[in-house]
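The values are calculated or read from the model by the stated rules, or taken from the named source; none is laboratory data. This structure is a prediction, so every number in the text was calculated from the model and none was measured. Positions of Cβ are backbone-derived with ideal geometry, glycine not excepted, and every protein chain shown enters the neighbour counts.
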Amino acid sequence: MDFNKIIKNNKHNIKNIIRAVTKEDNEDLEQEVYFKIWRNSEKYEEKGSIKSWISAITKNTALDYLKSSYYKVFRVAQTDDESLSNIKDKKITPETNTINLERQKRIINAINHLKPKFRQAVMLCEIEGYTYEQCAKKLKCPTGTVKSRIFNAKKELAKELEDLL
């Protein structure tokens, strides 16, 4: 396996998965994912795509991180009343959760109402983490066309969702 090529081709996907799971950018987790890919490269069987295998490693690494950090906070909170009050402040309330779900629905609805060419480019580059070049190959069009479609799609989404910005 050519690790430089794997990292180059999957860097955006790894960042996006970590951000989606942990709600933060975390370079330490990225490094841990790269290490796990390297360490387990001999176990990889070419039954599916390498991207799926890397995505699974990334998702599991991010989930393990969340479990361990929540465990640490929970353990400290049992002995420290101040920590317990900090946890309550950070907890997502039902109201916040409902607002976030409504936002997500509006964003998904706005994306679904884009012209098909715009929607494809946005889904590939912004949601799935493809590079402009990878997206251009997949859509069989020039890279400049992909950039233009994404620019125009973002402009339309900004108009549609301006009250959320």
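Which members of the range 35-63 meet the condition of being more than 16 Å from the chain's Cα centre (by Cα) and either within 19 Å of GLY129 (Cα to Cα) or not in a loop (DSSP other than H, G, I, E, B) (or both)?
Of everything in the range 35-63, those that are more than 16 Å from the chain's Cα centre (by Cα) and either within 19 Å of GLY129 (Cα to Cα) or not in a loop (DSSP other than H, G, I, E, B) (or both) turn out to be PHE35, LYS36, ILE37, TRP38, ARG39, SER41, GLU42, LYS43, GLY48, SER49, ILE50.
When only residues in the range 91-116 that are surrounded by 15 or more Cβ atoms within 10 Å (Cβ to Cβ) and either of a type outside the set (Gly, Ala, Ser) or under 17 Å from the mean Cα position of the chain (by Cα) (or both) count, which is farthest from ARG19 (Cα to Cα)?
LEU114
Cβ-Cβ distance below 8 Å, separation of 6 or more or different chains: which pairs start in the range 114-137 with a residue that is under 17 Å from ASN152 (Cβ atoms) and end on one that is not in a helix (DSSP H, G or I)?
Pairs that qualify, where the first residue is under 17 Å from ASN152 (Cβ atoms) and the partner is not in a helix (DSSP H, G or I), are VAL122/LEU114; LEU124/TYR130; CYS125/THR131; ALA136/PRO142.
How many of the residues making up the range 27-53 are closer than 18 Å to GLU126 by Cα and of a type outside the set (Gly, Ala, Ser)?
Residues that pass the stated criteria total 1.
Of the residues GLU30, GLU24, which single one is within 21 Å of GLU128 (Cα to Cα), part of a helix (DSSP H, G or I), not β-branched (Val, Ile, Thr) and not assigned by TED's automatic domain parsing to the domain that holds TYR130?
Just a single option satisfies the conditions, and that option is GLU30.
Among the residues of the range 117-158, write down those that are polar (S, T, N, Q) and within 19 Å of the chain's Cα centre (by Cα).
Matches in the range 117-158: GLN120, THR131, GLN134.
So which pairs qualify, if the first residue must be in the range 3-21 and in the same structural domain as LYS67 (by TED's automatic domain parsing), the second must be part of a helix (DSSP H, G or I) and aromatic (Phe, Trp, Tyr), the Cβ gap must be under 7 Å, and the two must be at least 6 apart or on different chains?
Listed by first residue and then by second, the contacts come to PHE3/TRP38; ILE7/TYR34.
Got at least one residue in the range 76-92 being modelled with pLDDT of 80 or more, in a helix (DSSP H, G or I) and of a type outside the set (Val, Ile, Thr)?
No; the residues of the range 76-92 include none that is modelled with pLDDT of 80 or more, in a helix (DSSP H, G or I) and of a type outside the set (Val, Ile, Thr).
Restricting to the range 121-140, what's the tally of residues that are surrounded by fewer than 16 Cβ atoms within 10 Å (Cβ to Cβ) and either modelled with pLDDT of 90 or more or farther than 21 Å from LYS15 by Cβ (or both)?
Selection size over the range 121-140: 4.
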